[in-house]
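Take a look at the structure set out below.
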Amino acid sequence: MLNGKKGLIVRIANEMSIAWGCARVFKREGADLAITYLNDKAEPHVRPLADEIDASIILPLDVRNEQQCDMLFAQIEKQWGKLDFLLHSIAFAPTEDLHGRVVDCSRDGFLAAMDISCHSFTRLAKRAEPLMNDGGALLTVTYMGSERVIDHYGVMGPVKAALESTTRYMAAELGPKNIRCHAISPGPLLTRAASGIAEFQHLMDETAQRAPSQRLVTIDEIGELAAFLASDRSRSLTGDVVHIDGGTILWAKAA
């Protein structure tokens with residue numbers, strides 16, 4: 001599906017990351033990839049994975065660092081001259097704010113969560129836009145805690161709701177340039193970001209029991225969906241929140 005396409009993945013944390021499952025499928029489908037990691041501490045966990053899929057570009061990226069963002073896209077432009085798709089797979093909130101009530105969330109905590117988890121998507125999209133002269137796809141990762149109250153998800157619920165709304169507005173604004181935007185909404189998975197949520201194992205167990213499929217989705221299944229959305233086969237789709245959770249959302253909406 002992706003032969004000849006160039007894709008940027010922001011970012012892989014380790015082999016359990018949703019971004020890693022997507023990267024493997026992107027590579028299998030023929031894409032050439034640029035991979036980012038957060039910092040020197042993360043590099044030993046990410047570089048072997050990037051090497052495993054023969055990533056053409058491997059660079060550090062803290063999305064709060066404008067210089068790093070500029071350097072990354074300058075390298076993409078120099079090496080490839082274009083970008084066909086981008087996967088934004090980042091979520092963060094300070095622990096003390098994530099574990100508390102939304103009404104108790106500090107201003108700094110809320111701003112940090114919104115900046116890293118949501119506004120970073122728009123900053124990356126702005127840099128990607130001039131490299132997508134032939135169209136492209138901008139993908140991000142969300143969760144149904146944006147739509148329904150999920151115990152212990154806290155401030156990330158409003159932040160993910162903002163991310164989904166941002167995706168719709170970007171889809172409308174970039175559509176005339178044939179740039180499509182989607183938010184992928186998986187069910188709960190034990191990723192590094194999710195591990196900070198209280199009683200997350202209980203949430204996963206409960207989800208597996210309630211899902212019509214009677215199991216959790218895998219990072220590779222999410223990758224299959226992401227590859228389709230990044231490909232020309234989805235050229236008539238944009239602005240969607242696409243659930244891939246084994247049908248769990250059916251019960252959440254009925255609750």
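The values are calculated or read from the model by the stated rules, or taken from the named source; none is laboratory data. Everything quoted here is computed from the prediction, not taken from an experiment. All Cβ positions, even for glycine, are placed from backbone atoms using ideal geometry, and neighbour counts span all protein chains on display.
Of all residues in segment 122-135 being touching a Cys at 6+ places or on another chain (Cβ under 9 Å) and not small (G, A, S), which is surrounded by the most Cβ atoms within 10 Å (Cβ to Cβ)? So, considering only residues that are touching a Cys at 6+ places or on another chain (Cβ under 9 Å) and not small (G, A, S), the one surrounded by the most Cβ atoms within 10 Å (Cβ to Cβ) is L124. Taking the conditions (1) within 15 Å of the chain's Cα centre (by Cα); (2) not in a helix (DSSP H, G or I) in turn, N133 satisfies each one other than (1). Among what's in segment 21-47 and is buried (at least 23 other Cβ atoms within 10 Å of the Cβ) and of a type outside the set (A, V, I, L, M, F, W, C), pick the residue that is nearest to D70 (Cα to Cα). Only one residue tops the list, namely T36. Kindly indicate whether A74 is of a type in the set (A, V, I, L, M), at negative phi and touching a residue at least 60 places away in the same chain (Cβ under 8 Å). Here the answer is no, as A74 does not meet what is asked.
Within segment 172-179, the presence of at least one residue that is within 25 Å of A227 (Cβ to Cβ), crowded, with 18+ Cβ neighbours inside 10 Å and over 16 Å from the mean Cα position of the chain (by Cα) is confirmed. Provide a single number: the residues in segment 229-251 that are buried (at least 19 other Cβ atoms within 10 Å of the Cβ), in a helix (DSSP H, G or I) and either at positive phi or of a type outside the set (S, T, N, Q) (or both). Summing the residues that are buried (at least 19 other Cβ atoms within 10 Å of the Cβ), in a helix (DSSP H, G or I) and either at positive phi or of a type outside the set (S, T, N, Q) (or both) in segment 229-251 gives 2.
Those helices (runs of 4 or more DSSP H) of segment 33-117 in which 1 or more residues are under 29 Å from G135 (Cβ atoms) and touching a helix residue (DSSP H, G or I) at 6+ places or on another chain (Cβ under 7 Å) occupy 43-52, 66-79, 107-114.
Would you mind stating whether D62 is among the acidic types (D, E) and farther than 26 Å from V217 by Cα? Please lay out each step first, then the result.
On the way: among the acidic types (D, E): yes; farther than 26 Å from V217 by Cα: yes.
Here the answer is yes, as D62 does meet what is asked.
Here is a yes/no grid of residues against (1) loosely packed, with under 15 Cβ neighbours inside 10 Å; (2) at pLDDT 95 or above; (3) among the β-branched types (V, I, T):
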residue: E164; (1), (2), (3): no, yes, no
residue: L190; (1), (2), (3): yes, no, no
residue: F200; (1), (2), (3): no, no, no
residue: V217; (1), (2), (3): no, no, yes
residue: L225; (1), (2), (3): no, yes, no
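I'd like to know if segment 149-170 contains one or more residues that are in contact (Cβ under 8 Å) with a residue 24 or more places away in the chain, part of a strand (DSSP E or B), touching a Cys at 6+ places or on another chain (Cβ under 6 Å) and within 18 Å of H182 (Cα to Cα). No, segment 149-170 contains no residue that is in contact (Cβ under 8 Å) with a residue 24 or more places away in the chain, part of a strand (DSSP E or B), touching a Cys at 6+ places or on another chain (Cβ under 6 Å) and within 18 Å of H182 (Cα to Cα).
Which of the following residues is hydrophobic (A, V, I, L, M, F, W, C) and buried (at least 24 other Cβ atoms within 10 Å of the Cβ): L138, L111?
On the way: L111 fails: buried (at least 24 other Cβ atoms within 10 Å of the Cβ).
Criteria check complete, one pass: L138.
In the list I57, I90, I18, which residue meets the criterion of being surrounded by 15 or more Cβ atoms within 10 Å (Cβ to Cβ), farther than 16 Å from I222 by Cβ and not small (G, A, S)? It is I57.
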